[in-house]
1. Quick check on my filter: what residues within the range 30-62 are more than 11 Å from Phe19 (Cβ to Cβ) and of a type in the set (S, T, N, Q)?
2. Anything in the range 35-57 that is within 16 Å of Leu12 (Cα to Cα) and out of contact with any strand residue (DSSP E or B) (no Cβ under 9 Å at 6 or more places or on another chain)? List them, or say none.
3. Looking at Ile13, Ile29, Ile33 in this structure, which one is surrounded by fewer than 10 Cβ atoms within 10 Å (Cβ to Cβ) and touching a residue at least 12 places away in the same chain (Cβ under 8 Å)?
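Coordinate-derived values only; no laboratory data. Quick caveat, the model's predicted, so the values are computed rather than measured. Positions of Cβ are generated from backbone atoms using ideal geometry, with glycine treated the same way; all protein chains shown enter the neighbour counts.
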Amino acid sequence: MDSLLRPHDRRLIVTADDFGAADCIDNAIRSAIRIGQVSAVSALTNYPRAPAALGDLFAEFP
C-alpha cells in the first residue's frame with residue numbers, strides 16, 4: 001500500500017499512551033491494535049509490571 005501513496009497524501013499515526021500502567025489500559029490498547037485503530041504505543045516503563053507487559057505485547061504483535 002505504501003507504493004500507492006502519492007507525495008501529497010497524508011497518513012495519520014495514532015499512538016496509545018501509558019501501556020504498562022494498568023491491566024485495563026493494556027487490554028484496551030491490545031483491543032485497539034487488533035482492530036487497526038492504533039499504529040504506535042508508548043509505555044510507562046517505570047511501573048514494575050511494564051517490562052513483562054511489553055514482552056507480552058511484543059510476543060502478540062511482533
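1. Result: Ser31, Gln37, Ser39, Asn46.
2. Ile35, Gly36
3. Numbers: Ile29 fails: surrounded by fewer than 10 Cβ atoms within 10 Å (Cβ to Cβ); Ile33 fails: surrounded by fewer than 10 Cβ atoms within 10 Å (Cβ to Cβ).
The match here is Ile13.
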